[in-house]
Amino acid sequence: MQNYQNDGVILVIDDDQNNIRVIIDILKPAGLTIISARNGQMGIKRALFALPDLILLDIMMPQMDGFETCHLLKANPTTQAIPILFITALNDEENKVKGFEVGGVDYITKPFSAREMVARVKTHLNLKRKQDLLERLVAIDGLTEIPNRRQFDTVLEKEWKRAQQTQKPLALIMIDIDYFKQFNDGYGHPAGDECLRKVAQTLAKSVQRCSDFVGRYGGEEFVAILPETSTDLALKVAKRMQDNLADLRLHHVFSPIGDYVTLSCGVAALTPIPETYPQDLIKLADRALYQAKANGRNQIVISNPFNWP
Ligand SMILES: [Mg+2]
């Protein structure tokens, strides 16, 4: 019986074409897709391009050996999470140990045992999938299926550092569903949850660049991080969010300001200079959002950092 759950892409990096052929003959019938490279440099390029699920890496190669190749793969954020199994000779204890030290998760030995190779590869594919799932669960809000507050903190920290280097403005939009408590009380919590999901998906669809981030900040509050974005551009994004939600026409008979669900938004942008922190950007956007609500909701307020603190 074929186990489709184990299907995956394996990159074999080995200078010996015969080894590659043998590995293909063993792994292909197990439902795995094999791609290959004949040296470390090509292997890294293929790994970056194809993002395989697992790498089988020969240690003994001319020019760049397996250890150095592994080191470079582990140093690159794009490839560092890909499990690497070293290919070693059967009794080569020293290399097996060193393989673990440089970040390998396991090894397979030459001459190859087909059943052992399939078992080790499939075990590590399963472990990697569980790891990926855990990481996803930790970063995603269970209800709305967009990134959660924890992930927001991580991304904001990262984008702030990047903005420090580029000296380009980093924009934040804080978004609040107007009269959501009344919505929940009036329609009930299941309908409230559905409303949160629809708003979240609409906000996520309203940003266009892959570097833009939309997450759930907490309760009925959402947040967008827009790198290299001025307040003017961020304002346009906030407007698009409001318009896209208005198009959905989510009924809200308990809202004192209209017939449909609406959003209040606070917009702020900062170019990081010494003595400023990501928390300052949050405070600015939060204060603008507070102002939008105080002004009567269903509107966007842009923060003016020159009036602050
Ligand atoms: Mg070799």
> Filter segment 1-27 for residues that are modelled with pLDDT under 95 and open to solvent by 50 Å² or more (accessible area, probe 1.4 Å); which is farthest from residue 129 (Cα to Cα)?
Replying inline: 1
> Can you name the residue in segment 260-307 that is of a type in the set (Lys, Arg) and in contact (Cβ under 8 Å) with a residue 40 or more places away in the chain and, of all such residues, is surrounded by the most Cβ atoms within 10 Å (Cβ to Cβ)?
Replying inline: 297
> Are any residues in segment 252-301 assigned to a loop (DSSP other than H, G, I, E, B), touching a strand residue (DSSP E or B) at 6+ places or on another chain (Cβ under 8 Å) and among the hydrophobic types (A, V, I, L, M, F, W, C), and if so, which ones?
Replying inline: 261
>> Criterion first (within 12 Å of the ligand (Cβ to nearest atom) and in a strand (DSSP E or B)) does residue 11 satisfy it?
In response: no
> Of the residues in segment 34-55, how many are touching a Gly at 6+ places or on another chain (Cβ under 7 Å) and surrounded by fewer than 18 Cβ atoms within 10 Å (Cβ to Cβ)?
Replying inline: 0
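Yes or no, residue by residue, for (1) part of a helix (DSSP H, G or I); (2) in the same structural domain as residue 113 (by TED's automatic domain parsing); (3) within 15 Å of the ligand (Cβ to nearest atom):
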{"site": "24", "(1), (2), (3)": "yes, yes, no"}
{"site": "29", "(1), (2), (3)": "yes, yes, no"}
{"site": "36", "(1), (2), (3)": "no, yes, yes"}
{"site": "46", "(1), (2), (3)": "yes, yes, no"}
{"site": "52", "(1), (2), (3)": "no, yes, no"}
{"site": "69", "(1), (2), (3)": "yes, yes, yes"}
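Residues are listed down the side, and each one gets a yes or a no for (1) loosely packed, with under 14 Cβ neighbours inside 10 Å; (2) under 24 Å from the mean Cα position of the chain (by Cα); (3) of a type in the set (A, V, I, L, M):
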{"position": "172", "(1), (2), (3)": "no, yes, yes"}
{"position": "188", "(1), (2), (3)": "yes, no, no"}
{"position": "201", "(1), (2), (3)": "no, yes, no"}
{"position": "206", "(1), (2), (3)": "no, yes, no"}
{"position": "214", "(1), (2), (3)": "no, yes, yes"}
{"position": "217", "(1), (2), (3)": "no, yes, no"}
{"position": "228", "(1), (2), (3)": "no, yes, no"}
{"position": "234", "(1), (2), (3)": "no, yes, yes"}
{"position": "238", "(1), (2), (3)": "no, yes, yes"}
> Just to be sure, is residue 77 in the same structural domain as residue 38 (by TED's automatic domain parsing) and away from the ligand (no atom under 16 Å from the Cβ)?
Replying inline: yes
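The values are calculated or read from the model by the stated rules, or taken from the named source; none is laboratory data. What you see is a predicted model; the values in this text were computed from it and never measured. No Cβ is skipped: glycine too gets one built from the backbone with ideal geometry, and neighbour counts run over all protein chains shown. With ligands, DNA and RNA removed, areas are computed over all heavy atoms of the protein, side chains included. Shrake-Rupley method; radii C 1.70, N 1.55, O 1.52, S 1.80 Å.
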